[in-house]
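Inspection log for the structure reproduced underneath, given as structure tokens.
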Amino acid sequence: MATPRMGLAARRLALGYTQERLAELVGVSVGTIGRWERGETKTLTPTVQPRLAKALRLRAVQELLDLLHPQPLVFAVPAAGDVGKTRSSSATASFRQRGDLDRVHAAVPLLRRVLDAFDLPDDGPTRSLKEIGADVARVNEHRLEARYGVLADCLPDLLAELARASQLGDGQQHQQAAALRALAFRAADGIAFKFGYLDLSARLIDLMRQSAAVANDSLLVAAAEYVRTETFFANGDLSTGGRALVRAADQVALSKQDTPNVAATYGSLHMRAAVVAGRIGDSRGAADHLREARRAAQKVREGVYHGTAFGPLSIRIHELAVAAELRDPAGVERASTWHPPSELPAERRSHYYIDLGRAQLDLGRHDDAYVSVEMAREAAPQHTREHPQVKSTVGALLQLRPGNSRVVELAAWAGARAI
């Protein structure tokens, strides 16, 4: 019996393609597309695979094969510090990860539909803002812990209910609903940006900024500027992104309030500005921003503030990120003597190991780079798998060690190609 390829159909819909349009792009008949999606054609010829991968905007043929054949994988994973030893991940975890990817792609058209009609919501049950707020907090926790499949499942219905809630009440209730919208849009951007839906990400960031302004919450406005940096990462205009972060931090400083939330918001903006400065090679600017961030971190405990993890531990993770951006061997060595504790959000921990692996590759420490990517995968598999730096790091390792079975398996998992 044929098994429908739900992931393939979801990917097509997420890109806004009809079967006819996809057939035109690939150069096959509409009936062929239908048979692929219904699972009636078990394999695709090697000549058509690259064309279909390109049409679906996938980074590699292996990513297409994963989409077409979602089956458990077993990969060899060396323990930290012992590359020669291996262990196997569970088939259940591999299958769940593949399912997470399909769930994200399937949710994207639903999210677009909700946003298109946000001011004209369908009728439906609408809970109190307190109850909705608890769910908004949960979806942001899912984002921070890289539970992208669960996040994708929750968001369409939650945003639809927020659309209805935004039509009710007045005054303070409108502001409260706007604040919840801003945080929910941020959670949605957590999958839009990471999975390459950059147009949707930009739209969600604009909606977050608008909602934060309606909420009349200056710290939420600043948090929206923090997230807005993704737009500048995407378009390469990092100098403007850095100026936007500094302006937002200056606005927070003007409040002259000495509270943990203010300190955390101010510090997180400088923390991100340090990475931006590092990426454009401004070592002095990066050092200045890190200094401001450290000063703010002295006033707060490590925690999540308006959706952003900030505190002394987050600063240490960003010190490594800056050193990696600047290709500063001494800075990398200083930062890598520490490892993030398990109580930090999974995305933060995986970011640390992703940056560490990239820096170790630059230093010629290829075995260590491999182990770091595996540590990132252990912390947050889906986040690691979709990260472009992981693909470039593993692709370089594959070029350097094409016959290493562990590297080959990791590259297949990450959809990386030799560079």
Looks like the chain, by Cα gyration tensor root eigenvalues a ≥ b ≥ c and the a/c under 1.5 rounded cutoff (else prolate when a/b is bigger than b/c, oblate otherwise), is oblate
Express in nm, to one decimal, how much length is gained between LEU363 and GLU409 on full extension, taking 0.36 nm for each residue of separation and deducting their alpha carbon distance.
14.3 nm
Dividing the mean separation of Cα pairs under 8 Å (6+ apart) by the residue count of region 280-346 yields a relative contact order in percent of 25 percent
Which percent of Cα pairs goes in each bin when the distances of region 96-155 are cut into 10 angstrom slices starting at zero?
21, 43, 33, 4
Given 10 Å bins starting at zero, what is the percent of C-alpha pairs of region 269-419 in each, up to the one with the largest pair distance?
12, 40, 34, 12, 2, 0
Applying the Karplus parametrisation 6.51 cos²θ - 1.76 cosθ + 1.60 with θ = phi - 60° to the phi angles of region 385-392, what ³J(HN,Hα) value in whole Hz is obtained for each residue in order, glycine and proline being reported as x?
4, 8, 7, x, 5, 5, 4, 6
Rounded to a whole number, what % of the accessible area of region 295-419 do carbon and sulfur atoms account for, probe 1.4 Å?
51 percent
Solvent-accessible ranking of ARG203, ARG5, largest area first, probe 1.4 Å
ARG203, ARG5
When the accessible area of region 101-238 is computed with all protein chains present and a 1.4 Å probe, what percentage of it is carbon and sulfur?
51 percent
Relative contact order for the chain: what percent, with Cα pairs under 8 Å and sequence separation of 6 or more?
12 percent
Ignoring solvent entirely, what values of log10 I(q)/I(0) come out of the Debye formula for region 124-277 at 0.16, 0.19 Å⁻¹ when each Cα is a single scatterer?
-0.91, -1.23
Could you tell me the relative contact order of region 200-272? Use alpha-carbon pairs under 8 Å, at least six residues apart, and round to a whole percent.
31 percent
Let me cross-check VAL300: its accessible surface, 1.4 Å probe, with only protein heavy atoms counted, in Å² to the nearest 10?
20 Å²
Efficiency by 1/(1 + (r/R0)^6): what FRET value for ARG295 and LEU198, r their Cβ-Cβ distance, R0 = 35 Å, to the nearest 0.05?
0.55
Within region 273-356, which GluC sites (Glu not before Pro) sit in a loop by DSSP and count at most 11 neighbouring Cβ atoms inside 10 Å?
GLU343
Local electrostatic count, LEU129, Cβ distance below 12 Å [Lys/Arg +1, Asp/Glu -1]:
+1
Residues of type aspartates and glutamates that LYS256 reaches as a straight line, Cα spacing below 17 Å, ignoring anything fewer than 8 places off in the same chain
ASP217, GLU292
Hey, what's the Cα Rg ratio for region 191-292 versus the globular rule of thumb, 2.2 N^0.38 Å?
1.07
Return the calculated 222 nm mean residue ellipticity for the chain, to the nearest 500 deg cm²/dmol, obtained by summing -39500 (n - 2.57) across DSSP H runs with n ≥ 4 and dividing by the residue count.
-22500 deg cm²/dmol
Please give the solvent-accessible surface of LYS299 in Å², to the nearest 10, using a probe radius of 1.4 Å with every protein chain present.
110 Å²
Probe 1.4 Å, accessible area per residue of the chain, Å²
45 Å²
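The values are calculated or read from the model by the stated rules, or taken from the named source; none is laboratory data. The structure presented is a predicted model; accordingly, all values stated were derived computationally and were not measured. Don't worry about glycine lacking a Cβ; one is built from the backbone with ideal geometry, like all the others, and counts go over all protein chains shown. These accessible areas exclude ligands, DNA and RNA; they are computed on the full protein's heavy atoms, side chains included. Shrake-Rupley method; radii C 1.70, N 1.55, O 1.52, S 1.80 Å.
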